[in-house]
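**Q** What follows is a structure written as structure tokens; I'll ask about it next.
The values are calculated or read from the model by the stated rules, or taken from the named source; none is laboratory data. Keep in mind that what you see is a predicted model, and the values were worked out from it rather than measured. In this analysis, Cβ positions are derived from the backbone assuming ideal geometry, glycine residues included, and neighbour counts consider all displayed protein chains. Heavy atoms of the whole protein, side chains included, go into the accessibility calculation; ligands, DNA and RNA do not. Shrake-Rupley method; radii C 1.70, N 1.55, O 1.52, S 1.80 Å.
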Amino acid sequence: MFQQLKVIDSHTGGEPTRVIIEGCPNLGNGSMSERRQTLREKHDWVRKTTVLEPRAFEAMVGAALQEPSNPDCAAGVIFFNNVGYLNMCVHGMIGLAITLKRIGKIDIGSHKIETPVGVVTIQLGEESEVSIENVPSYRLRTNVEVETPDYGKIVGDIAWGGNWFFLIDEQGPKVEYAKIEELVAFTKSVRRALDNAGIKGDDDQQIDHIEVFGPPSSTDADSTNFVLCPGNEYDRSPCGTGLSARLACLADSALLLPNQTYRQASILNTQMKGSYQPAEGNAIIPTITSSAWITGESTLLIDHADPFKHGIDKQSVANLSKPSPNQEFKKAL
Ligand code: PYC
């Protein structure tokens with residue numbers, strides 16, 4: 001008898017999202033942040049089963065669909081990845097929007113969705129286009145210097161866009177698809193250097209996303225980016241929380257006006273469009289627009305005898321290298 005998780009897969013600008021629509025254990029009726037804690041502490045197997053190999057691959061972002069605790073919301077959601085849990089995920093929210101449409105939970109129009117870091121508004125348009133009014137975003141520090149062992153001094157801004165970002169302009173390898181390996185090595189080195197120097201976001205939070213910008217490769221974009229995600233994978237999309245952080249920096253420097261559109265190309269040359277409304281202090285409310293495409297509907301089957309039933313990770317591999325009771329018995333003879 002298999003345990004089952006029903007999922008719908010999509011991609012937003014190349015970055016995959018897998019939404020669990022059935023089979024997630026009951027996480028209670030609390031806020032999304034409380035339910036995320038329950039998922040993390042009691043049912044982390046759901047995350048691992050959904051996004052790790054052999055059922056997925058390292059870049060997969062998972063989403064546990066929840067009944068909202070706020071009656072104004074159409075749904076609640078908890079995002080996670082190959083190493084843990086995300087605060088907010090814009091590409092994932094765009095994937096969630098078309099998934100909710102697919103299962104008949106929402107139709108074209110405006111809807112509110114509850115996340116662990118607040119309520120966001122989605123606007124589902126025709127032809128798979130979705131706009132997300134993201135959480136308030138702001139620049140925390142500007143021109144922060146960090147010394148890396150391999151690349152010397154790197155200068156960047158620290159900003160919040162629903163996750164913490166270190167934003168680097170035109171330093172390091174050229175921002176292009178052919179340089180993915182170099183960009184991963186560069187951004188990992190910057191993140192390690194930030195960690196070692198104790199440079200953090202507000203509330204002592206780790207800056208776990210590193211974003212590098214280069215010139216656009218075509219005239220219909222304003223820049224190209226590369227984003228390193230917490231699990232050492234890079235975002236195939238332009239990263240909506242990263243674009244929100246970018247808009248906050250541009251707004252703070254008066255380089256982008258309210259309602260003006262900024263077009264962010266990803267390392268694959270897919271695009272998200274962003275604009276903003278001013279909020280309190282130097283914060284902004286970003287709106288990010290892009291499209292997502294459904295790629296699959298399936299049922300993940302979990303056989304309790306399978307050594308990789310909850311995915312391939314250090315724990316499941318270590319379990320396999322432990323001697324079986326039978327081997328122990330033979331050794332004792
Ligand atoms: O689009 O916000 C985003 C995102 C975060 C991590 C991967 N994608």
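For (1) in contact with a Pro (Cβ under 8 Å, 6 or more places away or on another chain); (2) more than 16 Å from the ligand (Cβ to nearest atom); (3) outside any loop (DSSP other than H, G, I, E, B), each residue gets a yes or a no:
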| site | (1), (2), (3) |
| --- | --- |
| Asn82 | no, no, no |
| Asn87 | yes, no, no |
| Ile106 | no, yes, no |
| Val120 | no, no, yes |
| Val144 | no, yes, yes |
| Asp157 | no, yes, yes |
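**Q** Also, quick follow-up: So which residues in segment 226-246 are farther than 16 Å from Arg139 by Cα and within 11 Å of the ligand (Cβ to nearest atom), if there are any at all?
**A** Val227, Leu228, Cys229, Pro230, Gly231, Glu233, Tyr234, Asp235, Arg236, Ser237, Pro238, Cys239
**Q** Against the conditions (1) open to solvent by 20 Å² or more (accessible area, probe 1.4 Å); (2) over 23 Å from Arg236 (Cβ atoms); (3) more than 16 Å from the ligand (Cβ to nearest atom), where does Arg35 fall short? Just the number, please.
**A** (1)
**Q** Scan (1) part of a loop (DSSP other than H, G, I, E, B); (2) crowded, with 20+ Cβ neighbours inside 10 Å; (3) not aromatic (Phe, Trp, Tyr) for the single condition Leu96 breaks and write down its number.
**A** So Leu96 meets the others, but not (1).
**Q** Return a yes/no flag: does segment 224-242 have any residue that is surrounded by fewer than 22 Cβ atoms within 10 Å (Cβ to Cβ) and among the hydrophobic types (A, V, I, L, M, F, W, C).
**A** There is no residue in segment 224-242 that is surrounded by fewer than 22 Cβ atoms within 10 Å (Cβ to Cβ) and among the hydrophobic types (A, V, I, L, M, F, W, C).
**Q** Additional query: For segment 271-286, enumerate the residues that are touching a helix residue (DSSP H, G or I) at 6+ places or on another chain (Cβ under 9 Å) and within 15 Å of the ligand (Cβ to nearest atom).
**A** Of everything in segment 271-286, those that are touching a helix residue (DSSP H, G or I) at 6+ places or on another chain (Cβ under 9 Å) and within 15 Å of the ligand (Cβ to nearest atom) turn out to be Met272, Lys273, Gly274, Pro286.
**Q** Could you check how many residues of segment 136-174 are surrounded by fewer than 22 Cβ atoms within 10 Å (Cβ to Cβ) and under 21 Å from Ser290 (Cα atoms)?
**A** So the count comes out to 1.
**Q** Considering every residue within segment 55-67, establish whether at least one is acidic (Asp, Glu), outside any loop (DSSP other than H, G, I, E, B) and modelled with pLDDT of 95 or more.
**A** No: zero hits.
**Q** Oh, and also: Go through segment 13-45 residue by residue and tally those that are outside any loop (DSSP other than H, G, I, E, B) and over 20 Å from Glu114 (Cα atoms).
**A** Number satisfying all stated conditions: 6.
**Q** Looking at Asp220, Asp208, Asp235 in this structure, which one is within 18 Å of Gln264 (Cβ to Cβ) and within 21 Å of the chain's Cα centre (by Cα)? Quick ask: steps written out before the conclusion?
**A** Numbers: Asp220 fails: within 21 Å of the chain's Cα centre (by Cα); Asp208 fails: within 18 Å of Gln264 (Cβ to Cβ).
So the residue among Asp220, Asp208, Asp235 that is within 18 Å of Gln264 (Cβ to Cβ) and within 21 Å of the chain's Cα centre (by Cα) is Asp235.
**Q** Show the residue pairs that are 6+ apart or on different chains and have beta-carbon atoms under 7 Å apart, the first residue being within segment 257-270 and closer than 22 Å to Ile180 by Cβ and in a loop (DSSP other than H, G, I, E, B), the second being at pLDDT below 95 and of a type outside the set (A, V, I, L, M).
**A** Asn269/Ser217
**Q** Scan segment 122-142 for residues that are part of a strand (DSSP E or B), β-branched (Val, Ile, Thr) and in contact (Cβ under 8 Å) with a residue 40 or more places away in the chain and jot them down. First the steps, then the outcome.
**A** Kept after step one, since they are part of a strand (DSSP E or B), are these residues of segment 122-142: 122-124, 129-133, 137-142.
Those left that are additionally β-branched (Val, Ile, Thr): 122, 130, 132, 142.
Passing the criteria: Val130, Ile132, Thr142.
**Q** May I ask you to list pairs of residues, at least six apart or on different chains, whose Cβ atoms are under 6 Å apart, with the first in segment 85-114 being under 21 Å from Ser33 (Cβ atoms) and without any contact (Cβ under 8 Å) to a residue 40 or more places away in the chain and the second being within 14 Å of the ligand (Cβ to nearest atom) and in a strand (DSSP E or B)?
**A** Between residues of segment 85-114 that are under 21 Å from Ser33 (Cβ atoms) and without any contact (Cβ under 8 Å) to a residue 40 or more places away in the chain and residues that are within 14 Å of the ligand (Cβ to nearest atom) and in a strand (DSSP E or B), the close pairs are His111/Ile122.
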